[in-house]
1. Name the single residue, out of those in segment 121-173 being among the basic types (Lys, Arg) and in a strand (DSSP E or B), that is least open to solvent (accessible area, probe 1.4 Å).
2. Out of segment 40-76, which residues are of a type in the set (Ser, Thr, Tyr) and out of contact with any strand residue (DSSP E or B) (no Cβ under 6 Å at 6 or more places or on another chain)?
3. Does ALA117 count as hydrophobic (A, V, I, L, M, F, W, C), within 21 Å of GLN87 (Cα to Cα), surrounded by 21 or more Cβ atoms within 10 Å (Cβ to Cβ) and within 12 Å of the ligand (Cβ to nearest atom)?
4. Out of (1) without any contact (Cβ under 8 Å) to a residue 12 or more places away in the chain; (2) in contact with a Leu (Cβ under 7 Å, 6 or more places away or on another chain), the odd one out for GLU108 is which?
5. Hey, which of the strands (runs of 3 or more DSSP E) in segment 1-82, taking only ones fully inside, have at least 1 residues that are open to solvent by less than 10 Å² (accessible area, probe 1.4 Å)?
6. Does segment 85-106 hold any residues that are closer than 24 Å to HIS157 by Cα and either within 12 Å of the chain's Cα centre (by Cα) or assigned to a helix (DSSP H, G or I) (or both), and which are they?
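The values are calculated or read from the model by the stated rules, or taken from the named source; none is laboratory data. Predicted model, so just to flag it, every value in this text is computed and none were measured. In this analysis, Cβ positions are derived from the backbone assuming ideal geometry, glycine residues included, and neighbour counts consider all displayed protein chains. The accessibility values were calculated without ligands, DNA or RNA, using every heavy atom of the protein model including side chains. Shrake-Rupley method; radii C 1.70, N 1.55, O 1.52, S 1.80 Å.
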Amino acid sequence: MSCVLETIRLQLRSCQIEDVQIVHMLWINDCIRYFLFDNRVISLDEAQSFVEDSLANFEQHGYGIWLVFERGNDSLVGFAGFLPSQQGTPSLIYGIHPDRWGCGYATEAASAVLNYALENLALSKVRADVDEPNVASVRVLEKLRMRRIGDAIVNGHPLIYFERSRSEESINS
Ligand SMILES: CC(C)(COP(=O)(O)OP(=O)(O)OC[C@H]1O[C@@H](n2cnc3c(N)ncnc32)[C@H](O)[C@@H]1OP(=O)(O)O)[C@@H](O)C(=O)NCCC(=O)NCCS
């Protein structure tokens, strides 16, 4: 099953098993992995396991990881989506290739998946956990009008927690 979302400049499609190589290349990029994987270079097997989990999550919950492309261009520019949590509130994640940073793509892609989760899937809320020094990501969450609900030090890392509920005003992608 493939789930496609479109925005003004981007096309997002759910990550498939045949995408493992390209998404692995993105995830091990030194600018992407720094906050996403605590700077760890994940193996291809680990990337495959994330993609398999994403496929299972699409089946079970209707969400997972979408790959982000510029419309009319086959080159992968990023990803956006949700990880399930034990508390039941999915956690928003995203990343954009550094060649395209500062174009508003993270905000545009994350808006699309956020709206899909809150409106199409009718989830009551979504959350995001961000490393405090990741100022670009904090800014993206602010632009998405996610609400800061707390902070903590986890394994020595300062984290900020954000949340957005369906009852709050919808976001234009
Ligand atoms: C965080 C990330 C997704 C942002 O991608 P992006 O496409 O450049 O984001 P956008 O262009 O939509 O918005 C970035 C905002 O941060 C701001 N910003 C960027 N770097 C900044 C900095 N060093 N200090 C302050 N603001 C900064 C930009 O000016 C922009 O805000 P503005 O529109 O008000 O000017 C990208 O840096 C990334 O992929 N990082 C690695 C993966 C990651 O950390 N993901 C988040 C955790 S899951």
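1. ARG164
2. Scanning segment 40-76 gives SER43, SER49, SER75.
3. The answer is no for ALA117.
4. (1)
5. The qualifying strands (runs of 3 or more DSSP E) are 10-14, 65-70.
6. PRO90, SER91, LEU92, ILE93, TYR94, GLY95, ILE96, PRO98, ALA106
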